[in-house]
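Structure first, commentary second.
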Amino acid sequence: MKQGLYEQIINNITSQQLSALDPEVYEIGREPLDAEEARKMLSNYLAMVTRRALKVVREQSSDEEAVLAQIRICNEIIDTLKHTSPDFDFTSPKMKSNLTHEWGAYTKELRKKKTYHKQ
């Protein structure tokens, strides 16, 4: 590992790398996560891992297959969260449904048409 500030979750790989360092040579600063900081750092970590996994899926598939596989993976993550977080309200409008399976469309823009005239 290179010297520097890290502020990252210590995963298995990082733990192995830190363990391999000579404590006589290196000072390793570690701090426990508080509940609020854990929420932020763990969600960022999960996003990074998810991005990497979806990139691998993209690189191994055609465009249409990749989009559908990526959506399927995201839906599985959401389903896991639903089953492991029974007290969380997944019925709120933003959390109600999983991702679409219609070719992975997303909302880019919404505006009135210039030619629209209310009757």
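Derivation of every value follows stated rules applied to the coordinates shown; laboratory data play no part. Keep in mind it's a predicted model, so treat the numbers as computed, not measured. Cβ atoms come from the backbone with ideal geometry, glycine included; neighbour counts cover every protein chain shown.
Peptides 22-33, 74-85: what's the order by average Cβ count within 10 Å, highest mean first? Spell out each step's value before the answer.
Details: 22-33: 7.8, 74-85: 12.1.
Going by the mean number of other Cβ atoms within 10 Å, highest first, we get 74-85, 22-33.
Just subtract the alpha-carbon distance of ASP22 and LEU42 from 0.36 nm times their residue separation and send over the number in nm, one decimal. Walk me through the numbers before you get to the answer.
Values: separation 20, 0.36 × 20 = 7.20 nm, distance 2.78 nm.
Fully extending the segment from ASP22 to LEU42 adds 4.4 nm.
How many nm separate the modelled label positions at ASN12 and ALA35, each set 7 Å beyond the Cα in the direction of the Cβ?
3.0 nm
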